[in-house]
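Each remark here refers to the structure printed beneath this line.
A short reminder: the numbers here are calculations on the coordinates, not readings from a lab. Small disclaimer: the values here were computed from a predicted structure and weren't measured. All Cβ positions, even for glycine, are placed from backbone atoms using ideal geometry, and neighbour counts span all protein chains on display.
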Amino acid sequence: MAKRPTSIKQVADAAGVSTATVSNVFSGKKPVKPELAAKVRETAKRLGYHVNRAASNLRSGQSRIVPVMVPDLSDPFFTSLITEIEALAEADDFDIIVASSKDDAETEKRRIAALLSWQPAGMIIVPSSDAVPQALVAARDSMPIILTDRGVGAEGFDIVLPDNLDAGRQAGAHLAGLGHRRVLIAASDLGLQAIQDRCDGVTEQIEAAGGTTDVIAVGPKPAIGAARLGEWLDANPMPSAVFATTDMTTLSLLSCLAERGIDVGSDVSVVGFDDYPWMSARRTPITAVRQPVEGMAEAIWATLRSRLTGLEPASATANLKCTLLVRASTRPVQDARHESLNGTAGTREAQHRASG
């Protein structure tokens, strides 16, 4: 026979408090002294007690569930953001439900419908495009919906974003200061304003220094992106530097350069986006623009919480600054070396194909 779940009365008896106190600890409906709340939580954990959210929502009429939907759960940026949000939600006694739209509008539509059926307290969404799904537009008057990373310019929504234009400017100014005047930008999706802003920021700085940029859309998948970058390099003169607009395009770029035997830092300077341990745990650590993931999560949760308590009457957009981390993958241009680089890269590629 299956073991019956621990009841709220068992927790109350073991902690020496009333069932109302236990209920208040987990619902947040009434304040409980911190020492007493800690004792109740520890007792509940020891007994294996779990809050029945469905029953609790029916009794109180207030949900403690917040769905978080992102385009791709294989992308470390999105999973890092979810991890930070989850910790903040847990501290406020909310549960999150995680879903992926797979960067597909139809899948996104189905997932939103499923998430709304939970009657959540609010939602945190990274849309699959800057066009906000109609279902979210219809639901925004009945619950707080926070958009992040995408949805730039969406009216009537709270939006938390990194300052993408400034992020691009930081990368562009760094490369221009090292003497780079021919820069390739590997973009994931130019249909996203956030990505376009990063590209514009780099281009602004390089052109101000008298240089030029080329932009190629490589998509979000590293294998496909590496192939597209390879095709571009086969057909064009070698740039002195490359800027990748996301963590996935950074992987695409590094894979492409490795396949062609082009040395990062020595043959071409590279600026990546986002910052993960593997970027610094390389023979040539990668200069990267770090997004303020923790700050974004805090801004998202603070905004959601303020909406739930009715403290903010108008929608707002938060733009958080990114940080450029300079490492060995970006170096000053050596004119004589760079002038012969295109031929060098071509020779290496020919040798690679011959050996293959």
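Table for the structure above
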| quantity | calculated |
| --- | --- |
| Mean projected area in nm² (Cα convex hull; one quarter of hull surface) for region 8-51 | 2.5 |
| Under the Karplus curve 6.51 cos²θ - 1.76 cosθ + 1.60, θ = phi - 60°, whole-Hz ³J(HN,Hα) for region 203-208, x wherever Gly or Pro sits | 4, 4, 6, 5, 5, 5 |
| In order through region 284-298: 3J(HN,Hα) via Karplus (6.51 cos²θ - 1.76 cosθ + 1.60), integer Hz, x for Gly, Pro | 10, x, 8, 5, 8, 8, 8, 7, x, 4, 4, x, 5, 4, 5 |
| Straight-distance crosslink candidates among aspartates and glutamates, where the alpha carbon sits under 16 Å from residue 30 and sequence neighbours closer than 8 are dropped | 92, 93 |
| For 152, 66, order by how many other beta-carbon atoms lie within 10 Å, fewest first | 152, 66 |
| Percent of Cα pairs exceeding the 21 Å cut-off, where the set is region 130-206 | 40 |
| Rounded Å value of the spacing that divides the Cα centres of region 239-263 and region 189-236 | 11 |
| Least to most buried among 184, 73 (fewest other Cβ within 10 Å first) | 73, 184 |
| Cα gyration tensor, region 188-243 - rounded (a/c under 1.5), prolate or oblate | oblate |
| Backbone HN-Hα couplings from phi across region 155-171 [Karplus 6.51/-1.76/1.60, Hz, Gly and Pro as x] | 7, x, 10, 6, 10, 10, 9, x, 7, 5, 5, 5, 4, x, 4, 4, 5 |
| Amide H partners (placed H, <5 Å) of residue 318, local residues excluded | 159, 160, 161 |
| Prolate/oblate/rounded label for region 58-158 (Cα gyration tensor, a/c 1.5) | oblate |
| Global geometry of the chain, whether rounded, prolate or oblate, following the gyration tensor of its Cα atoms and the 1.5 cut on a/c | prolate |
| Where labels lie 7 Å past Cα in the beta-carbon direction, separation of residue 284 and residue 214 in nm | 1.9 |
| Unit charges on C-beta of K, R, D, E only; dipole of the chain, Debye | 1540 |
| Cut-off under 5 Å, modelled amide H: who pairs with residue 145 long-range | 123, 158 |
| Antiparallel DSSP beta bridges within the chain, as percent of all bridges there, nearest 5 | 10 |
| Given the chain, longest segment not containing exposed loop trypsin sites (Lys or Arg not before Pro) (DSSP; at most 10 other Cβ within 10 Å) | 4-282 |
| Taking 245, 309, 317, 43 and counting other C-beta atoms within 10 Å, the order from fewest to most | 309, 317, 43, 245 |
| Under-5 Å amide H pairs with residue 324, H placed in peptide plane, nonlocal only | 290 |
| Anchor residue 9: lysines whose Cα lies under 17 Å away (excluding residues fewer than 8 positions away in-chain) | 39, 45 |
| Segment residue 92-residue 131, length gained on full extension (0.36 nm per residue, minus Cα span) | 11.0 nm |
